[in-house]
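Everything below concerns the one structure shown next.
The values are calculated or read from the model by the stated rules, or taken from the named source; none is laboratory data. The shown structure was predicted, so the numbers you read here are calculated from the model rather than taken from an experiment. Virtual Cβ from ideal backbone geometry, glycine too; neighbours counted across all protein chains shown. Calculation scope for accessible area: heavy atoms of the full protein, side chains included, ligands and nucleic acids excluded. Shrake-Rupley method; radii C 1.70, N 1.55, O 1.52, S 1.80 Å.
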Amino acid sequence: MRRSVRLAARAIDEITSEAAQISGQTSTAKLTKEEGKSPVKGTSEVQKSKATKRAREKSATDHDQNEQKGSKLKRSVITEEKAKPSIKRVKTDPDAHTAIKSDHEDIIQPFLTQEKLVGAHVSISGGLHNAVSEALTIGAKAFAIFLRSQRQWAAKPLEDKTAELFKEACAKGNFSPHSILPHGIYLMNCGSPDEGTLSKSRSTLVDELKRCEKLGLCLYNFHPGSTCGKITVEESLDKIAESINLAHKQTKYVITVLENMSCQGNTIGGKFKELGGIIDRVQDKSRMGVCLDTCHAFAAGYDIASEKGFTNMMDEFDTVIGLKYLRGVHLNDSKGDLGCHLDRHENIGKGKIGVEAFRRLMRDPRFNGIPMVLETPCVSENTYQKEIKQLYAMIK
């Protein structure tokens, strides 16, 4: 038995080593190819944004390392198995992220995939571990959750037993930390002009990042904030970045994932340059990411319903922010028209964005290996199950 365990562990190490070598060779070739591309045509503002992006990328050379630190749930699926362990062969992607051994992890488990990871935001009613059961029931390969009540500041401490049950459920369900995208509470405003709200938001940000660490997760998605109409956008960007910097200093490795917004009211993040502005101000850029919400983007004025509009949006994202920061997607159709600035989600194919836009997205390899989460209206118990099947069918 012990010999079988050692052989299984050695085989996993060999797979990890080969994937790392392939990743390095492919990344070098990819960089050489990109350097040979002709410059993107555009205004001086776009060129300036590209320069800013390059500077941001230069200062984030260790981008993948922090992401990798949270990549293994603490429970060992090898040492705790009573049956003879088997090795599951996986398809490797040179650009996928691989787990590394760190001070926080006991076991190496690669996360290598070329597939789409589609799921939904699921309930934590009855315990965090129940969210995993719900995700499996609807056929999800990714999911999002709230870590606590999303509509109040106060929260009970996360108990050790609760965390262990969640990690065990994720291990049994074969959910990697990279496929789970927790969502911050709605009350947070890390760019608030009100000192009381700002202080509570910063405390909440730290608390939720620590919860992610205790749960073995590596991503955390939240809304950037709002000026509340009392300060300038630049002042709010300063406060949001400062909030993130403070939170990073008090936590270890979880990646803070900013969500693009719909430009509703005084919210920050409806324009890609605002998200890029926050990242520019953050010290540890290796712990930064962006979640692209399709409804929010459409409502903000990005015409993802058309092929040209989708191409333009992705080009701007890459130029102003950088595709390396794309960490997740919220899959939502829109009840409102293009540029309406209304955050009104609709079921896939039933809104103003339409089926073809989601077909393009599902066939785009740039979205492989990151959580793609439905937040559409649940008109019935099997809504998410149907939409997940609908989305996967679009790949064929």
In segment 363-396, how many residues are within 18 Å of Tyr302 (Cβ to Cβ) and touching a Leu at 6+ places or on another chain (Cβ under 9 Å)?
4
For segment 379-391, enumerate the residues that are under 14 Å from Ala140 (Cβ atoms) and open to solvent by 50 Å² or more (accessible area, probe 1.4 Å).
Asn382, Gln385, Lys386, Lys389, Gln390
Identify all residues within segment 173-202 that are surrounded by 14 or more Cβ atoms within 10 Å (Cβ to Cβ) and free of Cβ contacts under 8 Å to residues at least 24 places away in the same chain; write none if there are none.
Thr197
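Would you pick out the residues in segment 222-254 that are among the hydroxyl-bearing types (Ser, Thr, Tyr), within 22 Å of the chain's Cα centre (by Cα) and buried (at least 21 other Cβ atoms within 10 Å of the Cβ)?
Residues satisfying the conditions are Ser226, Ser243, Tyr253.
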Part of a loop (DSSP other than H, G, I, E, B) and in contact with a Cys (Cβ under 9 Å, 6 or more places away or on another chain), is that true of His341?
yes
Got a number for residues in segment 310-335 being outside any strand (DSSP E or B) and open to solvent by 10 Å² or more (accessible area, probe 1.4 Å)?
11
Here are Arg287, Arg344, Arg281: which of them is charged (D, E, K, R) and open to solvent by less than 10 Å² (accessible area, probe 1.4 Å)?
Arg287
Tell me which of these Arg211 doesn't satisfy, since it passes every other one: (1) surrounded by fewer than 23 Cβ atoms within 10 Å (Cβ to Cβ); (2) in contact with an Asp or Glu (Cβ under 6 Å, 6 or more places away or on another chain); (3) within 20 Å of Phe143 (Cβ to Cβ).
(2)
Of the residues Asp318, Asp303, Asp343, only one is of a type outside the set (Phe, Trp, Tyr) and in contact with a Phe, Trp or Tyr (Cβ under 9 Å, 6 or more places away or on another chain); which?
Asp303
What residue, of Ala131, Ala140, Ala135, Ala144, is buried (at least 21 other Cβ atoms within 10 Å of the Cβ), touching a Ser or Thr at 6+ places or on another chain (Cβ under 7 Å) and closer than 23 Å to Tyr384 by Cβ?
Ala131
Suppose we filter Asp337, Asp333, Asp303 for residues that are at pLDDT 95 or above, among the acidic types (Asp, Glu), touching a strand residue (DSSP E or B) at 6+ places or on another chain (Cβ under 7 Å) and closer than 30 Å to Tyr384 by Cβ; which single one remains?
Asp333
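Return the residues of segment 114-131 that are aliphatic (A, V, I, L, M) and in contact with a Lys or Arg (Cβ under 8 Å, 6 or more places away or on another chain); say none if nothing qualifies.
Leu117, Val118
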Could you list all residues from segment 184-212 that are within 18 Å of Glu234 (Cα to Cα) and part of a loop (DSSP other than H, G, I, E, B)?
Asn189, Cys190, Gly191, Ser192, Pro193, Asp194
